[in-house]
Amino acid sequence: MHFMRRSHEILRIGLASASLGTIGYPVVNGVITGSLLLSFLLPSEVKRHDDIDSVTGLLNLKAYKKNMNEVVIREINLPNNHKRIFIASIDILEFSEINKNMGYTIGRRVLRGVSRIIKQQSKCLASARPYGDIFLLTYAADSVEDVMQDLHSIIEKSESMKDPLGFSLSLCSGISELQIANEEGVEVDIISSAITQAEIARLIGKRGATKINCYKSEYASKQLEKIKMEDALLKSIDNHEISVFYQPKLTATTREIIGFEALCRWYHKELGFISPAFFIPLSEETGFIHRLGRHVIEESCKTLKWLEKNGHRNISFAVNVSIAQLEHLDGKPLISHIRNMIQEYEITPSLLEIEITESMAAKDFNLIKQHVNTLRELGVVVSLDDFGTGESTLYRLKELNLNQLKIDKAFVDDVCNERGKEVMQGIFTIAKAMNLTTVAEGVENAKQAEILEEMGCTYLQGYHLGKPMPKEHVLDAIKINKGA
């Protein structure tokens with residue numbers, strides 16, 4: 001068997017072609033093709049299989065770092081060579097969704113497809129798959145533009161891969177330059193730092209929908225902490241850090257629990273509980289909101305089904321959706337996911353409530369109207385959340401095919417004074433005229449609950465009536481409420 005060196009010198013390696021073929025290297029006429037780090041090493045330096053990623057045939061992170069110094073030394077000591085060394089980090093976007101929706105077999109096929117393009121067509125010196133859907137590439141180039149050109153080619157070819165299942169890929173990458181002080185090579189810490197910089201550049205570019213982004217010195221001081229938080233957030237579901245808590249919703253007259261609102265909680269193993277006021281906007285900024293939203297909907301459907309199996313068949317679950325979810329690809333992925341969850345968990349559609357905010361309806365009324373109609377056709381209940389804080393007109397409220405109004409806490413806070421009562425009564429009059437049920441959220445004391453009941457509010461929700469709780473406490477809360 002032969003390896004082709006970058007200098008076109010052929011080295012004979014005493015390895016069976018079958019063994020290399022089984023771990024993913026393309027073998028053509030007895031010659032291993034592609035840009036492989038192994039192809040730049042002498043026979044005595046060929047690594048064992050434990051240096052190789054078994055899925056793609058690329059190096060793993062340990063081997064990549066260990067052999068990087070030797071590759072760099074060889075490159076910078078070539079005669080008349082003034083090339084600079086760059087590291088690129090490539091990410092397959094939404095890869096976890098491919099694994100989840102299409103299975104790990106398809107996921108591995110995608111990884112092999114991208115790695116095959118890297119090995120066969122890239123001009124990089126070395127390539128590795130350190131973890132998940134991340135690839136690392138080492139380049140010797142005259143300028144960063146040369147590296148960007150090669151990455152453009154990899155991304156374009158990867159995104160144009162055809163698959164019989166019809167899914168499409170999207171990739172992004174970040175670039176850093178390896179700082180070389182002398183001809184004796186670089187230390188492992190310097191290599192690790194360059195890898196981190198490439199990943200930071202990739203993450204910042206990903207946030208801005210940039211396919212290829214180069215590391216800048218200002219990232220270190222201005223963006224590193226936020227990037228770490230973004231990276232932690234993107235891994236939070238896989239790391240089982242995101243949980244769904246449920247806050248009870250009760251009838252105003254009998255104070256019976258008839259449903260729950262699903263609320264996200266993030267507990268980071270090092271940082272502790274992180275406020276939704278921080279991570280929800282960050283999720284929208286990074287695009288993670290789509291996966292997070294799907295996760296909450298599925299967990300709510302699971303819990304709903306679990307309650308049915310425990311004899312509680314009429315408990316509803318409300319889930320908030322954001323404008324970003326409804327605008328993404330015209331809302332088709334979200335609507336499709338809701339439909340699939342109803343079918344998969346065999347739940348009664350009317351027990352699932354989708355909450356949209358009044359400000360969302362005001363921002364893109366026609367889009368929201370279309371989605372409300374589609375959700376109603378599925379049998380799902382649709383609520384207008386934070387009512388009274390947006391810019392809805394009575395005409396628009398009438399045009400939306402809603403089931404329910406959720407009255408913002410700001411109005412509930414004022415319900416104990418005369419002016420507040422008058423405003424609240426006006427809201428109930430409008431709701432009754434439009435045949436809408438009402439939910440007062442943020443009820444914090446018995447006096448508020450009593451007044452709202454007297455005024456004809458349908459449902460109450462707030463800390464006075466029940467705090468958000470994990471799934472494990474939901475069944476006990478229902479039993480206690482019913483006096484069982």
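Look at MET341, MET424 and count the other Cβ atoms within 10 Å of each Cβ; fewest to most, that gives MET341, MET424. Label sites at ASP146 and ARG108, each approximated as a point 7 angstrom past Cα along Cα to Cβ, lie 3.7 nm apart.
Per-residue Cβ neighbour counts within 10 Å put GLU70, GLU298 in the sequence GLU70, GLU298, beginning with the fewest. A straight line joining the Cα centroids of the range 89-149 and the range 307-378 runs 35 Å.
If you plug the beta carbon distance of THR429 and ILE237 into 1/(1 + (r/R0)^6) with R0 = 45 Å, you get a FRET efficiency near 0.55.
Take the convex hull of the alpha carbons in the range 259-313; its mean projected area over all directions comes to 4.7 nm².
Sorting ILE335, ILE480, ILE354 from the fewest to the most surrounding beta carbons within 10 angstrom yields ILE480, ILE335, ILE354. Peptides 113-119, 102-108 ordered by packing proxy, namely the average of other Cβ atoms within 10 Å per residue, highest first: 113-119, 102-108. Compared with the alpha-carbon gap, the fully stretched path from GLN120 to LYS66 is longer by 17.1 nm at 0.36 nm per residue.
Length gained on full extension, ASN401 to HIS473, computed as 0.36 nm times the residue gap minus the Cα-Cα distance: 22.5 nm. Expressed as a whole percent, the proportion of Cα-Cα pairs in the range 215-342 lying more than 22 Å apart is 46%.
What the pair-distance distribution of the range 343-447 shows, using all Cα-Cα distances binned every 10 Å from zero, is 14, 45, 29, 11, 1 percent. How many times 2.2 N^0.38 Å is the alpha carbon radius of gyration of the range 234-481? Ratio of Cα Rg to 2.2 N^0.38 Å: 0.99.
What is the calculated FRET efficiency for LYS83 to SER217, with r their C-beta to C-beta distance and R₀ = 25 Å, to the nearest 0.05? Show your work: numbers first, answer last.
Details: r = 22 Å, r/R0 = 0.87.
Computed FRET efficiency for LYS83 and SER217: 0.70.
Placing pseudo-labels 7 Å out from each Cα toward the beta carbon at GLU97 and ASP189 gives an inter-label distance of 4.1 nm.
Within the range 276-421, the ratio Rg/Rh, alpha carbon atoms throughout and Rh by Kirkwood, equals 0.99. Label-to-label distance, LYS269 versus HIS312, with points set 7 angstrom from Cα along the beta-carbon direction: 3.2 nm.
Computed over neighbours whose Cβ is under 12 Å from that of GLU299, the net charge equals +4, Lys and Arg +1, Asp and Glu -1.
Of the trypsin sites (Lys or Arg not before Pro) found in the range 406-484, the ones in coil according to DSSP and having at most 14 other Cβ atoms within 10 Å of their Cβ are LYS482.
Every read-out reported here was derived from the displayed coordinates using simple, explicitly stated rules and does not represent laboratory data. These figures come from a predicted structure and were not determined experimentally. Using ideal geometry, Cβ is built from the backbone for each residue, glycine included, and neighbour counts are taken over all protein chains shown.
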